[in-house]
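The values are calculated or read from the model by the stated rules, or taken from the named source; none is laboratory data. These numbers were taken from a predicted model, which means no experiment stands behind them. Using ideal geometry, Cβ is built from the backbone for each residue, glycine included, and neighbour counts are taken over all protein chains shown.
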């Protein structure tokens, strides 16, 4: 009690140092499990095998095997993020326009459920339908005479694009719905009464208002795909050269390379992800500004 | 006019087909005698489930996954809920820090987190990094946003400061306030956060395989193993894994709708999308 | 032939009839208000004029031309919405210029006209601001300027003031009327606020339950309500329910009294009808006992309550169990004390007689 009175007399009690005590366990765990490992990784990325400071690890990133993995990862994430954004926004818009609110809620629930279908089960499902003996593969060749193999393979880049888009799409629909719902009916009507047709409405009002939210969601999808591992691993093992697969095979010891390069690769990945998330935050802040 | 009317439903139907074809195919494959030579499966059977269940590994990996998921939910709840409560009540200055910390995991791919943990804790005879407890802690960090967001937003929704003051002004003790006033109000947030964490971890493959690997096999690890050995058993595993996931997410949806309906009286058709949306990383 | 005509227009949403058999002619340059409680169909009517809703039945004509099937963006009707509906991604200037830009006006026209309109609504200095940086009243001025910028054939306003606070509401409604008169623009104005409708309109259309109750000038609506609903919805009245005793001489039996009303009631009345006599509070004179009073009808009453309304005070009176309301000038307040017996009187021409409401 006396302690309490003292704080009241000094300043705001909320700023007293012992108020930080209860959250120390939380801070210790985040420090130990998240911050320190990454800090050591940063240190390791600047260390030679003998323990001296070096930039060698980063310079080695210019080797074709690494540049290719970054290029593949960025392409895969970029393409699926863009596909997910375009298709997801379109679907989200139509879902929003659905007359019956029950139908709308149903689609939202389905998106919620299917967004859980990812990783290994998803990869396996795509093998079932689009593997070399998959049901869709067979249907296409039997009924349409269109043999998609070997031009297409679910184990190839475009196969990955198809599988990644699968988990990007429902996520985008869920993300874009609140933004589309934020478009007021009156804006559309005001534009129409001022002589704008539907196209001018979208060009000058609808899309510009949605743009920050769409951009934010695009960035989130990019990060989502870039960090993904299980889907690609299940489909291609470590054969396909992606950043996460490279790092994974480094960890499981399938390939022996020097740990410094792994650290440098990890740090570069973190930088890329960090920047994406930062831009996402900026864009979504802007999106919120217009929603009020 | 007519054309536009068709475009909407058509794209929604196409979307639903794309979303359901793989799931449906997996379910059918798991009960098909054989489905790699013809368009329709050659007869139906439950043999693959029987084979899967009879394998002694099935129970082991299932138990492992449940144990790890439940332990992570428990640790996460005990760590996040009191912290969030305290910060909202007494330490508003720390809120930006907490927001930052709980957003960071979005930017850290599971592979990178595993790399860092093995780098720091993988040395020495103990090999701490490669133990189940370390996996649990990694999961707690990995799912931090899923746990913190719903709890924080339910704390914000009820203005706990005023509720605490109101309760105390009516003579309730600190503990009583917490148990009878605060906790029931944020329970939907805790439940949906916890279930989301559970569903995420139950299907998580990356951290599990990279950290502990064969030392402590989990359900998704066994599933990936079977995708290479026996597709029919893999499909049975897939179905079980997905069923657990969607059952959990339906419960979450039910809880959040129930929670928002109770606390604000209105019901948003897109309710959850804002809160736990960026469900990434686990793919 | 009038400028804007609605001819037996009807609209339903499923089983709910929103507008039924609506007929209205608006002259060029006229200011017409649609007045009624919420859900009476006034907004639906406005939206059918704008083209946002298609009537199930009937025609909308503009300058003699049937525009029922013309899509909204080709109708040339400026609309002002209740919630401002400014485009949040454009400045005030951009909002006003929008209609001109989509109609592909020349840059000079766009700039000149936008400046001119911002000045007209008194916001020449706020052109660079975004809607979020403007107050509610300022936003609604921008919305007005935006609707006027396209030189609309008809200006439509859907409860434009109901989101604003009282002071802004009064000043802005006067400004709307000033601008409307200045530009001579045909205007249809939807409101549920009777004071608003009466104060700025040339004519008022009172609506109830999807139908028109009465169309008339504000003063007609106020002094000669044609239906029970209009009489009670607009302003305050005292209702004397009684039996019509003499149609020709204007005599109504009310309890144990006789009320004299204007003679020669229309032929739809017959002696013996149940009727209601409506009397506005300002028509009732109140005198203290012993004072001389004029007016055909005189009653004694007890003063129950005195309420200050501003320029007038409202006296709540009881004649037996029957309650009456009377307004007197506020500077006479010292003459009246609660609980006193007073004498009230009102002239025959202040009585509005209607048949007792069937509904």
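Brief remarks on what is shown
- Top-ranked residue of the range B:25-47 - restricted to ones that are at pLDDT 85 or above and touching a helix residue (DSSP H, G or I) at 6+ places or on another chain (Cβ under 7 Å), ranked as farthest from residue B:236 (Cα to Cα): B:25
- Scanning the range C:94-114 for residues that are in a helix (DSSP H, G or I) and at the interface with another protein chain (Cβ under 7 Å from one of its Cβ atoms), we see that the one that is nearest to residue C:149 (Cα to Cα) is C:99.
- For residue A:183, the test of being surrounded by fewer than 24 Cβ atoms within 10 Å (Cβ to Cβ) and within 14 Å of chain B (Cβ to nearest Cβ) is passed.
- Within the range A:214-229, not a single residue is within 14 Å of chain B (Cβ to nearest Cβ), in a helix (DSSP H, G or I), more than 26 Å from residue B:218 (Cβ to Cβ) and more than 16 Å from the chain's Cα centre (by Cα).
- Tally, over the range B:216-227, of residues that are in a helix (DSSP H, G or I) and more than 7 Å from every other protein chain (Cβ to nearest Cβ): 6
- Every test in (1) away from chain A (no Cβ under 12 Å); (2) buried (at least 22 other Cβ atoms within 10 Å of the Cβ); (3) in contact with a strand residue (DSSP E or B) (Cβ under 7 Å, 6 or more places away or on another chain) is passed by residue C:143 save one, and that test is (1).
- Out of B:82, B:22, sole residue that is closer than 21 Å to residue B:234 by Cβ, within 8 Å of chain A (Cβ to nearest Cβ) and without any contact (Cβ under 8 Å) to a residue 40 or more places away in the chain: B:22
- Odd one out for residue C:269 among (1) in a loop (DSSP other than H, G, I, E, B); (2) modelled with pLDDT under 85: (2)
- Within the range B:240-254, being within 12 Å of residue B:52 (Cβ to Cβ) and within 8 Å of another protein chain (Cβ to nearest Cβ) holds for one residue alone: B:241.
- When each of B:27, B:49 is tested for being within 10 Å of chain A (Cβ to nearest Cβ), surrounded by 15 or more Cβ atoms within 10 Å (Cβ to Cβ) and in contact (Cβ under 8 Å) with a residue 12 or more places away in the chain, the lone residue that passes is B:27.
- Search result, residues across the range C:80-93 that are more than 9 Å from chain A (Cβ to nearest Cβ) and either surrounded by 20 or more Cβ atoms within 10 Å (Cβ to Cβ) or under 28 Å from the mean Cα position of the chain (by Cα) (or both): C:92, C:93
- Selection status of residue A:158, farther than 30 Å from residue A:130 by Cα and either touching a helix residue (DSSP H, G or I) at 6+ places or on another chain (Cβ under 7 Å) or more than 10 Å from every other protein chain (Cβ to nearest Cβ) (or both): no
- When residues of the range A:230-241 are limited to those that are touching a helix residue (DSSP H, G or I) at 6+ places or on another chain (Cβ under 8 Å) and more than 10 Å from chain B (Cβ to nearest Cβ), the one modelled with the highest pLDDT: A:241
- The one condition in (1) closer than 21 Å to residue C:234 by Cα; (2) outside any loop (DSSP other than H, G, I, E, B) that residue C:310 fails to fulfil: (2)
- Listed here are the helices (runs of 4 or more DSSP H) enclosed by the range C:166-243 that have at least 3 residues being at negative phi and out of contact with any strand residue (DSSP E or B) (no Cβ under 7 Å at 6 or more places or on another chain): C:166-183, C:194-200, C:218-223.
- Qualifying residues in the range B:228-238 (those that are surrounded by fewer than 22 Cβ atoms within 10 Å (Cβ to Cβ) and at the interface with chain A (Cβ under 9 Å from one of its Cβ atoms)) - the one modelled with the highest pLDDT: B:228
- Residue selected from the range B:255-282 under the condition more than 10 Å from every other protein chain (Cβ to nearest Cβ), surrounded by fewer than 17 Cβ atoms within 10 Å (Cβ to Cβ) and assigned to a helix (DSSP H, G or I), by the criterion modelled with the lowest pLDDT: B:264
- Within the range C:341-359, the set of residues being more than 20 Å from residue C:242 (Cα to Cα) and crowded, with 16+ Cβ neighbours inside 10 Å comprises C:342, C:343.
- Here residue A:193 clears all of (1) surrounded by 22 or more Cβ atoms within 10 Å (Cβ to Cβ); (2) within 12 Å of chain B (Cβ to nearest Cβ); (3) touching a strand residue (DSSP E or B) at 6+ places or on another chain (Cβ under 7 Å) except the condition numbered (2).
- Only one of the numbered conditions (1) in contact with a helix residue (DSSP H, G or I) (Cβ under 8 Å, 6 or more places away or on another chain); (2) within 17 Å of residue C:328 (Cβ to Cβ); (3) in contact (Cβ under 8 Å) with a residue 60 or more places away in the chain is violated by residue C:285, and that is (1).
- Within the range A:61-80, the set of residues being buried (at least 17 other Cβ atoms within 10 Å of the Cβ) and farther than 24 Å from residue A:215 by Cβ comprises A:61, A:66, A:69.
- Scanning the range A:234-255 for residues that are in a helix (DSSP H, G or I) and without any contact (Cβ under 8 Å) to a residue 60 or more places away in the chain yields A:247, A:248, A:249, A:250, A:251, A:252.
- Within the range A:42-84, tally of residues that are away from chain B (no Cβ under 14 Å) and more than 17 Å from residue A:263 (Cβ to Cβ): 9
- Scanning the range C:288-311 for any residue that is free of Cβ contacts under 8 Å to residues at least 24 places away in the same chain and surrounded by 17 or more Cβ atoms within 10 Å (Cβ to Cβ) turns up nothing.
- Hey, residue C:117 within 13 Å of chain A (Cβ to nearest Cβ) and within 23 Å of the chain's Cα centre (by Cα) or not: no
- Matching residues, the range C:146-157, being more than 9 Å from chain A (Cβ to nearest Cβ) and either in a strand (DSSP E or B) or surrounded by fewer than 21 Cβ atoms within 10 Å (Cβ to Cβ) (or both): C:151, C:153, C:154, C:155, C:157
- For residue B:88, the conditions (1) at the interface with chain A (Cβ under 9 Å from one of its Cβ atoms); (2) over 24 Å from the mean Cα position of the chain (by Cα) are fulfilled apart from (1).
- The range A:128-146, residues that are assigned to a helix (DSSP H, G or I) and in contact with a helix residue (DSSP H, G or I) (Cβ under 7 Å, 6 or more places away or on another chain): A:128, A:129, A:130, A:135, A:136, A:137
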